[in-house]
1. Taking a quarter of the surface of the convex hull around the Cα atoms of the range 152-299, what do you get in nm²?
2. Quick one: which of 33/55; 278/300; 270/294; 253/278; 278/301; 194/270 span more than 26 angstrom between C-alpha atoms?
3. Given the peptides 288-297, 199-208, arrange them by the average over their residues of other C-beta atoms within 10 Å, most packed first.
Amino acid sequence: MIKVLKACFFTVLLMSLSSCIALRSDLDVATAKMQAEYNARFKALADRAKMEIDKINDRLDEIEKTLQIDKKAQENKINLSFSTLDELKGTIREINNRIDQVDVAAQSGGAAQQRINQLEKQIALLKDENAKFRENMLAQIDEIKPVENLTVTPNGVVRLPEDEAKSYRQLVDFTRSASDSAIARRGWEVFSHKYPKSRRCDVIYWIGETYYLEQSYERAINYFSRIEAEFPDCRKQEATYIRIAYSLFYLGKIDVASKVLDAMTALYPKPNFAGQMKELRKMIKKSRAGAAAKEDKSQKKQQPDKKKEDEQ
């Protein structure tokens, strides 16, 4: 009886061991299959990342060729672009190295899903950097291309034609249109930088004009006054006087504005701005009359009523 029980026990034990071995084998197969799926998924993502990098490299090469076209004319700006270009290429090389490192780690096993998630994030960041870089580079390319007419880029950069006289005429027209005094002022600053020894008096006058048009009269006077101090022979001298006179009037300094007109009459017996001078004198006269009437009215209010005093 004991022998029979022992035989049964060993039979059951043997069957249990066989089941455990089979279960272990199935588990190994399932693990290997899962690892293979992770490896395949990672490889697909890695290939996708490398394709993105290849596209970016191709775009960078195209941009670099475009920038080379006008390298001499815009050396400083292009050097800045190349610096940005080198930085992005360095970033791409670094991401490439990281991808290779993650690839090796995944092949050796480990947290495959976590590494895949990291790679997906890196690909998304790389796409964003590429889009921003491309937008920035295209904007810089637009800013260095020659233009036939005055142009304002989306970034607010004023571009001028290569011809100095044409640039001046177009800036004058743009300033007089008063469409945007701040942009016009920026244009005159660009003109001054581009032609530092040309029309210096005119540039100061037109910058003053931009302030005058936006009713910043004190700033306008500051620029107009510079012409008399720095460029006594400037042909814009008479124009600055009439602008100063009007600015003073609008600031409420009527007596000083009148004195400027008197000085202009003495300096210019045959003035070029006779119409404007006549109009300003009318405005001054009207303003004084209004002030006098207001003063009389105020004094009458302050005087006691004589009729009421007699009644009392």
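Values quoted throughout were computed directly from the atomic coordinates according to the rules given, and no laboratory measurement underlies them. All of these numbers come straight from a predicted model, not from anything done at the bench. Virtual Cβ from ideal backbone geometry, glycine too; neighbours counted across all protein chains shown.
1. Projected area, direction-averaged: 10.8 nm².
2. Exceeds cut-off: 33/55; 278/300; 270/294; 278/301; 194/270.
3. 199-208, 288-297
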